[in-house]
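The block underneath contains the structure these notes are about, expressed in structure tokens.
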Amino acid sequence: MTDLTETIPDSEPFALFDQWFAEAQQSEPNDPNAMALATANAAGVPSVRMVLLKGHGPDGFVFYTNAESRKGGEILANPHAALLFHWKSLRRQIRIEGPLTEVTSEEADAYFHSRPLVSQLGSAASDQSRPLDSRDTYLARVKALEAELDGAEVPRPPHWTGFRLAPARMEFWLAERNRLHERRQFTRSGDGWSSTLLYP
């Protein structure tokens, strides 16, 4: 039998995330900050989609969205979510679960206006997740908004905002040969964390 040793350290989970994320930024060819976001509505019916991580630290993991979209409505009805990072080039995954809170208006403004102009216009012109009769309709709205503003700053729509997930649980997963994978789970315990290995 292959001799496998323990690889994932019993350390501070945010420091471990920073290490793995930095390595993913060097190895992943596209969007190393892409993560699956799973939410559920008030009845507990789940849905999942890919979003981009736009900030992280000991206070949590931040992403931005239209709060009037499907995911926005689910978050407002049931402010708990799960994230999944999968870095295929590194054969690693990180699962993160916890409650969500809205970022401040200042944070949302700063990120919105850091985006390319076309992205700002696209967000402001979009009724995200609602039916659209044709793509031409949407593109015409983008062009009309650009003409209306005539070079002025694009106002951030009040429903375009960000959410921060404060982790209650983080799991680090490392692929091993013959599916003898290694998993370590960190669970919030007061102001610190408890840690345990999990069977694959």
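The values are calculated or read from the model by the stated rules, or taken from the named source; none is laboratory data. Keep in mind that what you see is a predicted model, and the values were worked out from it rather than measured. Methodologically, a virtual Cβ is constructed for each residue, glycine included, from the backbone with ideal geometry; neighbour enumeration extends over all protein chains shown. The protein model used for the area step is the full one, side chains on, heavy atoms only, and it has no ligands, DNA or RNA in it. Shrake-Rupley method; radii C 1.70, N 1.55, O 1.52, S 1.80 Å.
A few notes on this one:
- Of residues in region 8-35 being within 21 Å of Glu182 (Cα to Cα), outside any helix (DSSP H, G or I) and not acidic (Asp, Glu), the one nearest to the chain's Cα centre (by Cα): Met35
- Matching option when the condition is at pLDDT below 95, open to solvent by less than 20 Å² (accessible area, probe 1.4 Å), out of contact with any strand residue (DSSP E or B) (no Cβ under 7 Å at 6 or more places or on another chain) and not acidic (Asp, Glu), among Ser11, Ser69: Ser69
- Near pairs, Cβ below 6 angstrom, 6+ apart or cross-chain, from region 174-187 (more than 18 Å from Trp87 (Cα to Cα)) to any residue that is among the small types (Gly, Ala, Ser): Phe186/Ser195; Thr187/Ser194
- Residues being open to solvent by 20 Å² or more (accessible area, probe 1.4 Å), part of a helix (DSSP H, G or I) and not small (Gly, Ala, Ser) - total across region 103-123: 6
- The residue that is farthest from Ala125 (Cα to Cα), counting only those in region 171-187 that are surrounded by 13 or more Cβ atoms within 10 Å (Cβ to Cβ) and in contact with a Ser or Thr (Cβ under 8 Å, 6 or more places away or on another chain), is Glu182.
- Residue pairs meeting the criteria (Cβ under 8 Å; at least 6 apart or on separate chains; first more than 20 Å from Phe112 (Cα to Cα), in region 122-143; second hydroxyl-bearing (Ser, Thr, Tyr)): Leu132/Tyr138
- Test: residue in region 188-199 that is open to solvent by 60 Å² or more (accessible area, probe 1.4 Å) and under 16 Å from the mean Cα position of the chain (by Cα): no
- Out of Phe21, Phe63, Phe85, one residue alone is out of contact with any strand residue (DSSP E or B) (no Cβ under 6 Å at 6 or more places or on another chain), modelled with pLDDT of 95 or more, open to solvent by less than 40 Å² (accessible area, probe 1.4 Å) and not aliphatic (A, V, I, L, M). It is Phe21.
- Failed item in (1) surrounded by fewer than 16 Cβ atoms within 10 Å (Cβ to Cβ); (2) farther than 23 Å from Leu52 by Cα; (3) in contact with a Lys or Arg (Cβ under 7 Å, 6 or more places away or on another chain), with Leu149 passing the rest: (3)
- Count of region 58-71 residues which are over 13 Å from the mean Cα position of the chain (by Cα) and within 19 Å of Ser105 (Cβ to Cβ): 5
- Within region 24-48, residues that are surrounded by 14 or more Cβ atoms within 10 Å (Cβ to Cβ) have Cβ atoms under 6 Å from residues that are among the β-branched types (Val, Ile, Thr) in these pairs: Ala36/Val48; Leu37/Val51; Ala38/Val48; Thr39/Ile75, counting only partners at least 6 apart in sequence or on another chain.
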